2 protein chains.
Amino acid sequence: MNAHRIILLAHGSSDPRWCATFEALVAPALQARPDARIAYMELAEPSLGKSVEQATLEGVREITIIPLFLAAGRHLRRDIPAEIRELEQRHGVPIRLQSPVGEHPYLAAAIRDIVVETAVSEQEP
Amino acid sequence: MNAHRIILLAHGSSDPRWCATFEALVAPALQARPDARIAYMELAEPSLGKSVEQATLEGVREITIIPLFLAAGRHLRRDIPAEIRELEQRHGVPIRLQSPVGEHPYLAAAIRDIVVETAVSEQEP
């Protein structure tokens, strides 16, 4: 039992292929951190609310949410903070919201590496 | 002058903070690859259409689009392919659409590293 939980929060979609991509995207993270889980804002399960409830039932006393978003839009600036306040009150657990992964230099470095390796069929002059 | 162009395609937003995050996210890639540019699907400039037009005006004969999306939703499965076909016909340049960056193992590794480094205030038992 971990006293801390990390929730990797994705937007969610009704398209199972979309969720499958996110499950693959977080698989190495979930393997590396036994206290990490994936959850979805909407349209897919588990929801953020269910995930927080489950964590508190397991005795978790502190939660960190890492948004799987490239940038902060309306959801991250408004909807998620409001939902977090409500969940903190309902379950009596402090929830910390990190910056979206897209603001982290590791993401920029990964995108650089993908772009650098992109093959082109024509030689550059 | 490069005969090839890589267009890093983001969704776009009317919020300048959103676009600023994407500009920071692609800065290392643009620095590493002089043939790379950023463009937006909607709500921000340059648009994909403008970016393709500019490339052909500069003599580019082949374009690769790398979507800055974590997963393929409706935009990438339907809207973007349709727009690409239209742009190929209008400008007479072949355009190749890569998988979204979120499907690349480098992104999963970067997210793992972010999660692994996430500090917790309580010790794990």
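The single condition among (1) of a type in the set (A, V, I, L, M); (2) open to solvent by less than 10 Å² (accessible area, probe 1.4 Å); (3) farther than 28 Å from B:Ile95 by Cβ that A:Leu107 does not meet is (3). The set of residues from the stretch A:1-31 being at the interface with chain B (Cβ under 7 Å from one of its Cβ atoms) and in contact with a Ser or Thr (Cβ under 9 Å, 6 or more places away or on another chain) comprises A:His4, A:Ile6, A:Phe22. Annotation: B:Pro67 fulfils all but one of (1) closer than 30 Å to A:Glu23 by Cβ; (2) surrounded by fewer than 21 Cβ atoms within 10 Å (Cβ to Cβ); (3) at pLDDT 95 or above; the unmet one is (2). When the stretch B:82-99 is limited to residues that are touching a Pro at 6+ places or on another chain (Cβ under 9 Å) and polar (S, T, N, Q), the one that is farthest from B:Val60 (Cα to Cα) turns out to be B:Ser99. Just name the residue that is farthest from the chain's Cα centre (by Cα) out of those in the stretch A:1-18 that are crowded, with 19+ Cβ neighbours inside 10 Å and hydrophobic (A, V, I, L, M, F, W, C). The qualifying residue farthest from the chain's Cα centre (by Cα) is A:Trp18.
Right, A:Pro34: part of a helix (DSSP H, G or I), surrounded by fewer than 20 Cβ atoms within 10 Å (Cβ to Cβ) and more than 7 Å from chain B (Cβ to nearest Cβ) or not? Show your work before the answer.
Details: part of a helix (DSSP H, G or I): no; surrounded by fewer than 20 Cβ atoms within 10 Å (Cβ to Cβ): yes; more than 7 Å from chain B (Cβ to nearest Cβ): yes.
So A:Pro34 does not fit the description; no.
Listed here are the residues, each with its yes/no results for (1) surrounded by 15 or more Cβ atoms within 10 Å (Cβ to Cβ); (2) modelled with pLDDT of 95 or more.
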| site | (1), (2) |
| --- | --- |
| B:Glu58 | no, yes |
| B:Leu76 | yes, no |
| B:Ile80 | yes, yes |
| B:Glu83 | yes, yes |
| B:Gln89 | no, yes |
| B:Val93 | yes, yes |
| B:Gln98 | yes, yes |
| B:Asp113 | yes, yes |
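The values are calculated or read from the model by the stated rules, or taken from the named source; none is laboratory data. Fair warning: this is a prediction, and the values are worked out from it, not measured in the lab. All Cβ positions, even for glycine, are placed from backbone atoms using ideal geometry, and neighbour counts span all protein chains on display. In case anyone asks, the SASA skips ligands and DNA or RNA and just uses the protein heavy atoms, side chains included. Shrake-Rupley method; radii C 1.70, N 1.55, O 1.52, S 1.80 Å.
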